[in-house]
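Inspection log for the structure reproduced underneath, given as structure tokens.
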Amino acid sequence: MTAHAFVTLTVTDPDKMAAYREVAGPALEKYGATPLQVSPEATWLDGDGDAPDVAVLLAFPDREAAQAWRDDPELAEVHQLRNDAGTCRILLL
């Protein structure tokens, strides 16, 4: 069953974010992930707090593929680059 991941990014280092964008696609493709929506203009409909700089909705073939993408040691540098770009949170739905 398809699994979705909701990603929020608050960017503090635009250069590292740009470098991450260059390698993110192949890392996601390795596990069959597809970005369904990428928004630099996310807005809360309800609740408090600052909206992230970027919000992304990813679709994975299943929960196992999403977890494997996150745990893949070959992608550790890719994930670290994303985390070094700012504050990142990923919620597996």
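Summary table below
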{"quantity": "Residues of the range 73-93 classified as at negative phi and in a strand (DSSP E or B), total", "calculated": "6"}
{"quantity": "Single residue of 33, 18 found to be of a type outside the set (Val, Ile, Thr) and over 12 Å from the mean Cα position of the chain (by Cα)", "calculated": "18"}
{"quantity": "Flag if residue 13 is among the acidic types (Asp, Glu), open to solvent by less than 80 Å² (accessible area, probe 1.4 Å), more than 14 Å from the chain's Cα centre (by Cα) and more than 15 Å from residue 91 (Cβ to Cβ)", "calculated": "yes"}
{"quantity": "Any hit, the range 73-84, residues being in contact (Cβ under 8 Å) with a residue 24 or more places away in the chain, in contact with a helix residue (DSSP H, G or I) (Cβ under 9 Å, 6 or more places away or on another chain) and more than 15 Å from residue 20 (Cα to Cα)", "calculated": "no"}
{"quantity": "Flag for residue 5 being surrounded by 15 or more Cβ atoms within 10 Å (Cβ to Cβ) and either in contact with a strand residue (DSSP E or B) (Cβ under 9 Å, 6 or more places away or on another chain) or within 13 Å of residue 57 (Cα to Cα) (or both)", "calculated": "yes"}
{"quantity": "Some residue of the range 62-72 being open to solvent by 50 Å² or more (accessible area, probe 1.4 Å) and either assigned to a strand (DSSP E or B) or among the small types (Gly, Ala, Ser) (or both)", "calculated": "no"}
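The values are calculated or read from the model by the stated rules, or taken from the named source; none is laboratory data. Nothing here was measured: the structure is a model prediction, and the numbers come from that model. For neighbour counting, all protein chains shown are included, and Cβ atoms are generated from backbone atoms with ideal geometry for every residue, glycine included. For accessibility, only protein heavy atoms count, side chains too; no ligands or nucleic acids. Shrake-Rupley method; radii C 1.70, N 1.55, O 1.52, S 1.80 Å.
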